[in-house]
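Trainee: Below: one structure in structure tokens.
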Amino acid sequence: MQTTIVKWGNSHGIRLPKAILQSIKVSENDSVDVIVDKEKIIIKKIDKFDHKTTKQRLKDFYGEKSRVNSKPQKEINWGQPVGNEVW
């Protein structure tokens, strides 16, 4: 299928025929994942929107060996205030 990119507010968009959306079981307001692979744009349906905790997001970003999985850090004593700090 061939289509045209059109201006849509401050963005750009394409229209997809209903038949194409039905073939991948996507309807209005469904969440999709848009992936750019070299010169291709891939649109995949997201079956379940997964809400992750902050800890899970940090683990995904930093990997297994992040501070998220390490022992809690102790408070550091920086001494008495020197300037106009508010404590």
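Trainee: Consider only pairs whose beta carbons are under 7 Å apart and that are at least six residues apart or on different chains; among these, list those whose first residue lies in the stretch 39-57 and is more than 20 Å from Asn29 (Cβ to Cβ) and whose second residue is surrounded by 11 or more Cβ atoms within 10 Å (Cβ to Cβ).
Mentor: Note: pairs meeting the criteria are Lys55/Val68.
Trainee: Can you name the number of the only condition in (1) surrounded by 10 or more Cβ atoms within 10 Å (Cβ to Cβ); (2) modelled with pLDDT of 80 or more; (3) hydroxyl-bearing (Ser, Thr, Tyr) that Ser66 fails?
Mentor: (2)
Trainee: Considering only residues that are in a loop (DSSP other than H, G, I, E, B) and more than 13 Å from the chain's Cα centre (by Cα), look in the stretch 40-52 and name the one that is surrounded by the most Cβ atoms within 10 Å (Cβ to Cβ).
Mentor: The residue in question is Asp47.
Trainee: Tally up the residues in the stretch 9-39 that are of a type in the set (D, E, K, R), touching a strand residue (DSSP E or B) at 6+ places or on another chain (Cβ under 7 Å) and surrounded by fewer than 10 Cβ atoms within 10 Å (Cβ to Cβ), please.
Mentor: The total comes to 2.
Trainee: Take the residues of the stretch 9-25 that are assigned to a loop (DSSP other than H, G, I, E, B) and basic (Lys, Arg): which is modelled with the highest pLDDT?
Mentor: Taking the candidates together, the pick is Arg15.
The values are calculated or read from the model by the stated rules, or taken from the named source; none is laboratory data. Not measured: the values here are computed from a predicted model. When we count neighbours, we look across all protein chains shown, and the Cβ atoms used for this are built from the backbone with ideal geometry, even at glycine.
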